Amino acid sequence: MVVYIKKGDKTHYLSGDLVPQVGVLFVDMLTMTLDIPEKDHGTVIAKFQKAKENGDGKWIKKTAYQFCLKLSGVDEADILVECCPTTSKNDKNSYRFIRIEFNPAKVNLPNLRKNIDFIIPGGYALLMKQGIVTRIDLTVDASYLDATDVVAMNPKVKVERHYAKNGTIETKYLGASSSNKQTVLYDKVAHLKHLNAKKEKALKTPLPPHNIFRIEQRLLKLNCTLNAVASLPNPFTDLTLIAYPGAKLTDAYSPLWTLFLSACRFEGVNAALQHLSPEHQEEFKRRLHKEGRSDWWKPGKVWEGVSAAIKVILTVKSNSPSSLKP
């Protein structure tokens, strides 16, 4: 049994290291497609034109759709609404008449609903009820956890990719980009610093006062409605996350140990062990088991938040008094 010590508003292990705290599940990216009757196609195209004339959006050049409107402002995450596919591919799952792409966690949802109510016959309510999800990123953040402290594994995944800076892994992908499911793990603070470097001072995002490890499941080609996502099998179940907090800070610091953990992250545990002599392999296996912390990672509890995360998107009210109810 793992023993914790409570100090103020933080929880520690007996070693003194902070226990990672996993936040609530949220949707960090969503793309949906929608078919509408052919008789309404002209109306939608006219509304696209009118929205641009009203200054509600600007044209973006895309290859798969004839019309693409960016509804977001300078200081907002991108909202792209497209219509009238130009591709010759006969793939209704990818190329329905209308497509929308946005980050529900970073946009003004009431304002988005107002714009969709104006552009699409049946409005936001129809999109949320009948729209087909082509991508959804289901995300949680773990506070007090450095990305370099985590060894991530999924026995059902063969393809792994890493992106590093200055020798430190900042992003790890489990699963091929062409697959229907991909896990993305990264240092959120490093990500914010990267984004802030491209922004004017007044628009920079404040950095959190502690490490944040982002855990993201990207589900693609679902061919189901948004409401049905909550009925899918838990995509976090097969993901094993083991933390080794304080590896560089403890009195027992060992350069070989930290290098070994780095090899585990890059190559996997079994491959990393092959760098060692048989004697050291047994020693490091014992240390992996003894010092690893997985009690903080509870995939079942994470998935309990999926219905609430989806409800936030489904039940949003418009800024417009004439908005349709969901």
I'd like the carbon and sulfur percentage of the solvent accessible area for the chain, probe radius 1.4 Å, heavy atoms only, ligands and nucleic acids excluded. 53
The stretch 215-307: chymotrypsin sites (Phe, Trp or Tyr not before Pro) falling in loop per DSSP and having at most 16 other Cβ within 10 Å: TYR253
For the pairs LYS221/LYS317; LYS52/LYS221; LYS106/LYS311, flag any whose C-alpha to C-alpha distance is greater than 25 Å. LYS221/LYS317; LYS52/LYS221
Taking trypsin sites (Lys or Arg not before Pro) as exposed when DSSP calls them loop (any state but H, G, I, E, B) and at most 16 other Cβ atoms lie within 10 Å, what is the longest stretch of the chain free of them, the sites themselves excluded? 249-316
Go through HIS275, HIS191, HIS12 and list them by solvent-accessible area, largest first, probe radius 1.4 Å. HIS275, HIS191, HIS12
For the chain, with only Lys/Arg (+1) and Asp/Glu (-1) charged at the beta-carbon, what is the dipole magnitude about the Cα centre, in debye rounded to 20? 780
What accessible area, in Å² to the nearest ten, does a 1.4 Å probe give for SER177? 90
Specify whether the C-alpha gyration tensor of the stretch 1-51 places it in the rounded, prolate or oblate class, a ≥ b ≥ c being the square roots of the eigenvalues: rounded for a/c under 1.5, otherwise prolate if a/b is larger than b/c and oblate if not. prolate
State, to one decimal in nm, how far the label point of GLU304 lies from the label point of VAL24, with both points 7 Å from Cα in the Cβ direction. 1.3
Return the calculated 222 nm mean residue ellipticity for the chain, to the nearest 500 deg cm²/dmol, obtained by summing -39500 (n - 2.57) across DSSP H runs with n ≥ 4 and dividing by the residue count. -7500 deg cm²/dmol
Provide the gained length on full extension for the span MET153 to ALA271, in nm with one decimal, where the gain is 0.36 nm per separating residue minus the Cα-Cα distance. 41.2 nm
Within straight-line cross-link reach of LYS6, aspartates and glutamates at Cα separation under 12 Å, skipping those fewer than 8 residues along the same chain: ASP17
Checked the stretch 107-156 against the a/c 1.5 cut and the a/b vs b/c comparison, axes a ≥ b ≥ c from its Cα gyration tensor; verdict oblate
Accessible area expressed per residue, the stretch 170-235, with surrounding protein chains retained (probe 1.4 Å, Å²): 52
Using the Kirkwood formula on alpha carbons, the hydrodynamic radius of the stretch 170-326 in angstrom works out to 19.5
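The values are calculated or read from the model by the stated rules, or taken from the named source; none is laboratory data. Quantities reported herein were computed from a predicted structural model and do not represent experimental measurements. Ideal geometry is used to build each Cβ from the backbone, glycine not excepted, and the neighbour counts take in all protein chains shown. Keep in mind that these areas ignore ligands, DNA and RNA; they rest on the heavy atoms of the full protein, side chains included. Shrake-Rupley method; radii C 1.70, N 1.55, O 1.52, S 1.80 Å.
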